[in-house]
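First comes the structure, then the notes that go with it.
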Amino acid sequence: MKLNIIPVLAWCACMGSACSDNAYNPGEPGAPADPMDAAIDKSVVINPAVTYQTMQGIGASDCWMGNWVGRDWTTAREGIARLLFSQEIVDGQPQGIGLSMWRVNVGAGSAERGDKSGITTVHRRAECFVGENGEYDWSKCAGQQYFMQQAKAMGTERFVLFSNSPLLKWTYNGQGRSDRGNMSNLMPKFYGDFAGYLADVAEYYIGKGFNVTDISPVNEPNVSWNGHDQEGSGWTIEETARLARELDRALAARTLPVNILLAEGDHWDNFLADRWTPGGAPARFWTPGDDAYIGDLDHVKPIYCGHSYWTDTSWDYTRSVRARVAETAALYGLEIWQSEWCMLGDDIPVEEFPGHSAATDLDRALHMSKVIHNDFTVGNMASWCYWVAMDQHFAQYGDRWLLVFLDMAGGEDSSVFDGEGSFAPSANLWALGNYSRFIRPGFRRVDLSHRESRNFFGSAYLSPEGTRIVAVYTNMGRKPVRLAAEIEGAQTPRSVRKYTTSDEKSLEEEILESASEIVLDPRSITTVVYDL
């Protein structure tokens, strides 16, 4: 049967920029909303019986400031942790975005080596647990461990460890940033040592009660990290496979139920084409007989990680790339995770984004929602993570790289980290919360049929027990939307709530008496939760 819920709100039934009455208008930031008699009507049909990927987690990483803030900002750090991990709602306002996945940097030791590390920006240096003498000191990385503890206490389900560089004492140049181009900075005789270190860190965290499910041993291996001001190393695909084999042995020796994630390229062409290795990564990693074949390793599941940088420009290009990702993944039987994104690209069409110098905080959040939506619905990706959860304000193009803004006690250019500072949430934080707070691990994406366009789009998800449906809509236009929705085969909801992020609202809750009361605000991301 079909459950009629009329009117839930959405966008007009026409497609693309032809709908000029609700098109994105970059020249009018903050323009007043049209009255409700100008609201646009749209119909959607949610079919919980048609299912797609199972969601694994939505998260962010603790780079680079997590360790500094967690260690030194003893007054502010609890509030930052609450923004990232809390699932509480107080007086209709969620206290945080309830990240279900937290990515933890396994640092290379550039913090200990200081100026000799090759990393000039102090807050991008990372500690490690082992000293030059080989002895472990588990009191290190105290700030990172603080945020892990807070995440666990507030219900974060899984932790992923990732490495940007081998430990400095095992690198060719003794630094955290490489000068070997696209080749590894790890000296060949230390592959086993580095793999053992990663496994030891995982074992330590698991012993502390953290659900460490995955280790990602290389980051953006296709990139030449020569001269970069952060820890990083290139890796050939053969070097990556060699490290994966060593890490597989190290995990087996410790009987750890941890998976190895590969390979975190900075562009989906690392997966699809020849940007990293001839034929693309799947043809090398998952073809028996290839020098880089890793499909027979016990700790490697058919999962591939990539970053959505550089492929998030126009609506059409974004979708065409993700369609190719989904097609290639299906060919090799792979699950795809988007493991790192923030707004790096500069060439988004002006009709879709006003340009970085003119963009508001909400403009950036709306664009991020477009990326998440297409990663999930076109790319069929099962996990999505933001890059830096917290950092200082960036002067260039506003604060387009952050979830939580940090103001250092010593000012914007300060390198002093031992004093308290202040913080503020971005619109990106709350917009990500429209997904992370409600789409939990184990939810399955289900069919949501509607005439989507770059100005309005939505997706829906079903809880493992089948008792909750979560729908996330983004209205890019400047008019409110009424949506006539049908949920096929579902009983009447016992409750309906909506959560809105807009210029005026930060994931604000509204409990509705009936489903027919739902309205989507102009220029907003709205989550509708149906408890059945």
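Take the residues in the range 444-462 that are in contact with a Leu (Cβ under 9 Å, 6 or more places away or on another chain) and surrounded by fewer than 23 Cβ atoms within 10 Å (Cβ to Cβ), then tell me which one is modelled with the lowest pLDDT.
HIS450
Listed residues SER110, SER86, SER100; which is touching a Pro at 6+ places or on another chain (Cβ under 8 Å), surrounded by 24 or more Cβ atoms within 10 Å (Cβ to Cβ) and modelled with pLDDT of 95 or more?
Answer to the check: SER100.
Checking GLU264 against (1) of a type outside the set (Phe, Trp, Tyr); (2) buried (at least 22 other Cβ atoms within 10 Å of the Cβ); (3) at negative phi, which single condition isn't satisfied?
The number of the failed condition is (3).
Return yes when ASP296 is open to solvent by 30 Å² or more (accessible area, probe 1.4 Å) and touching a Pro at 6+ places or on another chain (Cβ under 8 Å) and no when it is not.
For ASP296, the condition - open to solvent by 30 Å² or more (accessible area, probe 1.4 Å) and touching a Pro at 6+ places or on another chain (Cβ under 8 Å) - is met.
Take the range 116-144 and flag every residue that is open to solvent by 30 Å² or more (accessible area, probe 1.4 Å), farther than 24 Å from ASP391 by Cβ and of a type in the set (A, V, I, L, M, F, W, C).
Hit for the range 116-144 is TRP138, nothing else.
Can you find a residue that is within 29 Å of GLU352 (Cβ to Cβ), in contact with a strand residue (DSSP E or B) (Cβ under 9 Å, 6 or more places away or on another chain), modelled with pLDDT of 95 or more and surrounded by 23 or more Cβ atoms within 10 Å (Cβ to Cβ) anywhere in the range 482-489? Even if it seems obvious, please write down each step before you answer.
Of the residues in the range 482-489, the ones within 29 Å of GLU352 (Cβ to Cβ) are 482-485.
Now restrict to residues that are in contact with a strand residue (DSSP E or B) (Cβ under 9 Å, 6 or more places away or on another chain): 482-485.
Add one more test, that the residue is modelled with pLDDT of 95 or more, and what stays is none.
No, every residue in the range 482-489 fails to be within 29 Å of GLU352 (Cβ to Cβ), in contact with a strand residue (DSSP E or B) (Cβ under 9 Å, 6 or more places away or on another chain), modelled with pLDDT of 95 or more and surrounded by 23 or more Cβ atoms within 10 Å (Cβ to Cβ).
Which of (1) modelled with pLDDT under 90; (2) among the hydroxyl-bearing types (Ser, Thr, Tyr); (3) closer than 20 Å to CYS305 by Cα does SER436 not meet, given it meets every other one?
Single failed check for SER436: (1).
Taking the condition of being in a strand (DSSP E or B) and either at positive phi or of a type in the set (S, T, N, Q) (or both), how many residues in the range 53-71 meet it?
Residues of the range 53-71 that are in a strand (DSSP E or B), as a first pass: 53-54, 57-64.
This time we only want the ones that are either at positive phi or of a type in the set (S, T, N, Q) (or both), so: 53-54, 57, 61.
Within the range 53-71, residues that are in a strand (DSSP E or B) and either at positive phi or of a type in the set (S, T, N, Q) (or both) number 4.
Go through (1) open to solvent by less than 10 Å² (accessible area, probe 1.4 Å); (2) touching a helix residue (DSSP H, G or I) at 6+ places or on another chain (Cβ under 6 Å); (3) aliphatic (A, V, I, L, M) and name the single condition LEU366 misses.
Evaluating LEU366 over (1) open to solvent by less than 10 Å² (accessible area, probe 1.4 Å); (2) touching a helix residue (DSSP H, G or I) at 6+ places or on another chain (Cβ under 6 Å); (3) aliphatic (A, V, I, L, M) leaves (2) as the failure.
Being open to solvent by less than 10 Å² (accessible area, probe 1.4 Å) and of a type in the set (A, V, I, L, M) is the filter here; which residues of the range 205-225 pass it?
Those that are open to solvent by less than 10 Å² (accessible area, probe 1.4 Å) and of a type in the set (A, V, I, L, M): VAL212, ILE215, VAL218.
Which of the residues that make up the range 226-256 are part of a loop (DSSP other than H, G, I, E, B), touching a residue at least 24 places away in the same chain (Cβ under 8 Å) and open to solvent by 10 Å² or more (accessible area, probe 1.4 Å)? Full working, then the answer.
So in the range 226-256, the residues part of a loop (DSSP other than H, G, I, E, B) come out as 226-231, 233-236, 254-256.
Pick out the ones that are also touching a residue at least 24 places away in the same chain (Cβ under 8 Å) and you get 226-231, 233-236, 254, 256.
Those that are part of a loop (DSSP other than H, G, I, E, B), touching a residue at least 24 places away in the same chain (Cβ under 8 Å) and open to solvent by 10 Å² or more (accessible area, probe 1.4 Å): ASN226, GLY227, HIS228, ASP229, GLN230, THR236, ARG254, LEU256.
Suppose we filter the range 218-240 for residues that are of a type outside the set (Asp, Glu) and touching a Lys or Arg at 6+ places or on another chain (Cβ under 8 Å); how many remain?
Looking only at the range 218-240, we keep the residues that are of a type outside the set (Asp, Glu), and these are 218-219, 221-228, 230, 232-237, 240.
Still in the running and touching a Lys or Arg at 6+ places or on another chain (Cβ under 8 Å): 222, 225-228, 230, 232-234, 237.
Within the range 218-240, residues that are of a type outside the set (Asp, Glu) and touching a Lys or Arg at 6+ places or on another chain (Cβ under 8 Å) number 10.
Just checking, which of ALA253, ALA195, ALA199 is farther than 30 Å from GLY155 by Cβ and in contact with a Leu (Cβ under 6 Å, 6 or more places away or on another chain)? Full working, then the answer.
On the way: ALA253 fails: in contact with a Leu (Cβ under 6 Å, 6 or more places away or on another chain); ALA199 fails: farther than 30 Å from GLY155 by Cβ.
So the residue among ALA253, ALA195, ALA199 that is farther than 30 Å from GLY155 by Cβ and in contact with a Leu (Cβ under 6 Å, 6 or more places away or on another chain) is ALA195.
Among residues belonging to the range 390-411 that are aliphatic (A, V, I, L, M) and in a loop (DSSP other than H, G, I, E, B), point out the one that is modelled with the highest pLDDT.
Initially, the range 390-411 is screened for residues aliphatic (A, V, I, L, M), giving 390, 395, 402-404, 406, 408-409.
With in a loop (DSSP other than H, G, I, E, B) added as a condition, the list becomes 395, 402-403, 408-409.
On the way: ALA395: 65, LEU402: 90, LEU403: 97, MET408: 81, ALA409: 74.
Going through the qualifying residues, I end up with LEU403.
Out of the residues in the range 498-532 that are of a type in the set (Val, Ile, Thr) and at pLDDT 95 or above, state the one that is surrounded by the fewest Cβ atoms within 10 Å (Cβ to Cβ). Please lay out each step first, then the result.
Taking the range 498-532 as the starting set, the residues that turn out to be of a type in the set (Val, Ile, Thr) are 500-501, 511, 518-519, 525-529.
With the extra rule that they be at pLDDT 95 or above, the set shrinks to 500-501, 525-529.
Details: THR500: 23, THR501: 28, ILE525: 31, THR526: 29, THR527: 23, VAL528: 28, VAL529: 20.
Looking at residues that are of a type in the set (Val, Ile, Thr) and at pLDDT 95 or above, I get VAL529.
I'm trying to understand the selection: among the residues of the range 150-176, which are among the small types (Gly, Ala, Ser) and not in a loop (DSSP other than H, G, I, E, B)? Before the answer, list the steps.
The initial filter retains those residues of the range 150-176 that are among the small types (Gly, Ala, Ser), namely 151, 153, 155, 163, 165, 174, 176.
Once the filter is applied, which keeps residues that are among the small types (Gly, Ala, Ser) and not in a loop (DSSP other than H, G, I, E, B), the range 150-176 yields ALA151, ALA153.
What is the one condition in (1) over 18 Å from ALA471 (Cβ atoms); (2) hydrophobic (A, V, I, L, M, F, W, C); (3) part of a strand (DSSP E or B) that ILE348 does not satisfy?
Only one criterion is unmet by ILE348, namely (3).
Got at least one residue in the range 63-81 being touching a Pro at 6+ places or on another chain (Cβ under 9 Å), polar (S, T, N, Q) and surrounded by 21 or more Cβ atoms within 10 Å (Cβ to Cβ)?
Within the range 63-81 (the criterion being touching a Pro at 6+ places or on another chain (Cβ under 9 Å), polar (S, T, N, Q) and surrounded by 21 or more Cβ atoms within 10 Å (Cβ to Cβ)), the answer is no, since none of the residues qualifies.
Can you say whether GLY433 is in contact (Cβ under 8 Å) with a residue 12 or more places away in the chain, over 17 Å from SER43 (Cβ atoms) and open to solvent by less than 20 Å² (accessible area, probe 1.4 Å), as far as the supplied structure shows?
It is true that GLY433 is in contact (Cβ under 8 Å) with a residue 12 or more places away in the chain, over 17 Å from SER43 (Cβ atoms) and open to solvent by less than 20 Å² (accessible area, probe 1.4 Å).
In this structure, does TYR205 turn out to be more than 30 Å from GLN150 (Cα to Cα) and assigned to a helix (DSSP H, G or I)?
Details: more than 30 Å from GLN150 (Cα to Cα): no; assigned to a helix (DSSP H, G or I): yes.
The answer is no for TYR205.
From the list ASP312, ASP316, ASP291, ASP347, which residue is open to solvent by less than 30 Å² (accessible area, probe 1.4 Å) and of a type in the set (Asp, Glu)? I'd like the intermediate steps shown before the answer.
Working: ASP316 fails: open to solvent by less than 30 Å² (accessible area, probe 1.4 Å); ASP291 fails: open to solvent by less than 30 Å² (accessible area, probe 1.4 Å); ASP347 fails: open to solvent by less than 30 Å² (accessible area, probe 1.4 Å).
Every option except ASP312 fails the conditions.
Report those strands (runs of 3 or more DSSP E) wholly inside the range 412-513 carrying at least 2 residues which are of a type in the set (A, V, I, L, M, F, W, C). Can you show your working first?
On the way: elements: 422-425, 444-449, 456-462, 468-475, 481-488, 495-501, 506-512.
Result: 422-425, 444-449, 456-462, 468-475, 481-488, 506-512.
Give the range 141-186 a look and list any residue that's aliphatic (A, V, I, L, M) and farther than 21 Å from GLY57 by Cα, or say none.
Filtering the range 141-186 down to residues aliphatic (A, V, I, L, M) leaves 142, 148, 151, 153-154, 160-161, 167-168, 183, 186.
Those that are aliphatic (A, V, I, L, M) and farther than 21 Å from GLY57 by Cα: ALA142, LEU167, LEU168, MET183, LEU186.
The values are calculated or read from the model by the stated rules, or taken from the named source; none is laboratory data. Just so it is clear, the structure is predicted and the values come from calculations on it, not from any experiment. Don't worry about glycine lacking a Cβ; one is built from the backbone with ideal geometry, like all the others, and counts go over all protein chains shown. For the accessible areas, the whole protein counts, side chains as well, though only heavy atoms, and no ligand, DNA or RNA atoms are used. Shrake-Rupley method; radii C 1.70, N 1.55, O 1.52, S 1.80 Å.
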